[in-house]
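Single-structure report; data block below.
Derivation of every value follows stated rules applied to the coordinates shown; laboratory data play no part. All figures in this text were calculated on a predicted structure; none of them were measured in a lab. Neighbour counts are summed over all protein chains in view; Cβ atoms, including those assigned to glycine, are modelled from backbone coordinates with ideal geometry.
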Amino acid sequence: MQCPECGALLGAEAARGAARCEFCRRRSVAIDPSVAVPRAWFEPRVDRSRALLLLRRALRDEGVLGDSLRKDLEPVDARLVFVPFHLVRALRAGVVERRHERREVTVADLSPDGTVTLRTRKTGEERSSDRAKVIVTDVERSVPAVRRRDWGLDRVGVGALLAEGHPVLPYDADRIREHGTVLVHDVEPHDAIERLPSGGAADRVDRIAPSVRTVLVPVWRIRYRLQGCLYDATVDAVKGRLLAARAPEDDRRRVPIALGYVGVGALTLGLLLRLFRDMGAASAGDAGGLAAWFILPAAVVLGLFGAYAWSVVRWDADRVFDGASVRVRYVNRPDAPEADAAASEAADAIGRGIERLLPGGDRD
Amino acid sequence: VTDELRAIRRVALRCPRCGGDLDGLASDRVFGCRPCARALSVEADGLREDELLVWEGERDGPVVHLPIWVFGVRAEVVLPPVPRTSLPPGVSSAERRVPFRGRRVYVAAFDVRGRATHGDPGMNLTRRQPEPHVRRDANPPPLAGAVLVRSDAERVVEAEILAVIDTQTDVFGGHVDLQVDGVYLALAPFAEADGGAVREPLGGLSYAAGSLPDLDAVREAQGRAG
């Protein structure tokens, strides 16, 4: 960027907004604020040993690591990485339509013995008599400026870090390099602005004076070896919490789980067959036809149980720490075939239909 | 000028009247000239001038001057016809016009975080319609912390008027028939309160320091200027 007065090149501070020229001592500012995105950074507060300790604790709490050192993880690599986040802010002003809402009404029931019982029930969804809601508010969202799957970056809220009082420092390349490496952003600030929420079709809301600031958040990327395999983990270096990790799934648990499913399936089938036998004995004559109609669903039920149990033991699995939740991911399982996807959609549709049929809203 | 050229264009922060340096933080979008008492917004076509006035503050205790846009307005909210519930059924042909009884609309030019929790200072002043004593000061405090330029502030005015009228009647589908009589940027004295908070002028609400991101920088800039 050049000084509009003398044409000299401006220093790095020109990216932060109004800047003073080193030569003519005049200040100038960019007309379009979005071309000069100021940068800032959080200083890391968690060192390498503490990050490893946090990872060990999380794995031990989940039973991946035992108490003995023999089962400890072996760190292969741990490096501090600064992840850029676009912190987007804007003022929102305008009129939005109030959502249809359910109201709670209290009804008094008088029983014959004279006691009054108060019942609260929800009405059906109804349009509010005041349809307009006028808003003058600010909206803020932090968007990871890099695409890294399985790093748990969605859990990092820059706004929350600021609100908690973690000091954000002006960009200082030399000091940042002393700590670690900086990832180059691959999400443009304009794209981040577009992700700010806009209203619905009936809303008339302006997004006013949007601004973007790029904030570098330090995280520890740890590669470790456990049970002969390599796994990765991410630890927030500001707040000191595990953002994401992968670990080996405990295979010993999978066999009893699978056996349990098969057992429950066999028990269910046995009960059905016994019921069928009793019905056949009770009915006069046409027991053969009834048996055929009864064995078919029983076989389907048993097949479903068996298929699920087989999938439990068939594929290699990792345990994935994704923020607060832990789930199992089957590593080499292929994508669901079309038939499975169609069956899943059909089940969802049936579920939605049942919900619609159920009497909604009445609650004592 | 193409969009690309405008994007990299910079404008010198020099008063067009006296040629002096303008006050303001690095992150500001409105800068002030103290000798000329002018506020200059960085708009798409260059600097735009407005008057910079100071509100008289409370006599006791320290204050910090935060910038607020003040629009003198005459406005009515025009609402769509309502369906008739009595006979004959149908839609009433007449538009309804609800006058905005205030004479000014205030829009906070400084950065506020968490308006949903703390409220919007401009909105609160528009609801209260205070009558501040305005001082045409030869040497006003330095302008600092003004991030909302005048053209953006104008876009908030209609929403604030609708918000006031919405307390009386539903304004859905309505629009504002607005006439702006005058605009100036006020340096409003916010009184320092406990815990780093500041209180709105003329007996208004308090705002926690955490809700005003530039507050410390404004204090420093105005403290340095004495």
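Listed values, structure above:
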quantity	calculated
Chain B: angle of helix B:150-166 to the longest principal axis, Cα-based, in degrees nearest 10	40 degrees
Within chain B, helix-based [θ] at 222 nm, where runs of 4 or more DSSP H residues each add -39,500 (n - 2.57), nearest 500	-5500 deg cm²/dmol
Relative contact order of region B:96-226, pairs being alpha-carbon contacts under 8 Å that are 6 or more residues apart, as %	31 percent
Residue-by-residue Karplus 3J(HN,Hα) for region A:296-308, coefficients 6.51, -1.76, 1.60, Hz, glycine and proline x	4, x, 5, 5, 5, 4, 5, x, 5, 4, x, 5, 5
For peptides B:151-162, A:49-60, A:230-241, A:176-187, sequence by mean Cβ density within 10 Å, most packed first	B:151-162, A:230-241, A:49-60, A:176-187
At 0.692 mPa s and 37 °C, Stokes diffusion of region B:129-185 via Kirkwood alpha-carbon radius, µm² per second	228 µm²/s
Cβ neighbours within 10 Å from other chains - mean over A:203-209	5
Whole-number percent relative contact order across chain B, with pairs defined as alpha carbons under 8 Å at least 6 apart	29 percent
Centroid-to-centroid separation of region A:161-211 and region B:99-176 [C-alpha atoms, Å]	26 Å
Distance from region A:296-333 to region A:216-235 (C-alpha centre basis), Å	26 Å
Distant alpha-carbon pairs in region A:212-259 (separation over 16 angstrom), percent	58 percent
From phi via Karplus (6.51, -1.76, 1.60), per-residue ³J(HN,Hα) for region A:224-230 in Hz, x at Gly/Pro	9, 10, 8, 6, x, 10, 9
Inter-probe distance in nm under a simple model that places probes 7 Å from Cα toward Cβ, at A:ARG277 and B:ARG74	9.7 nm
Paramagnetic reach from A:VAL255 in region A:308-322 [backbone N under 18 Å; point 7 Å along Cα→Cβ]	A:309-317
Principal axis box of chain B, alpha-carbon based, largest edge first, Å	71, 50, 30
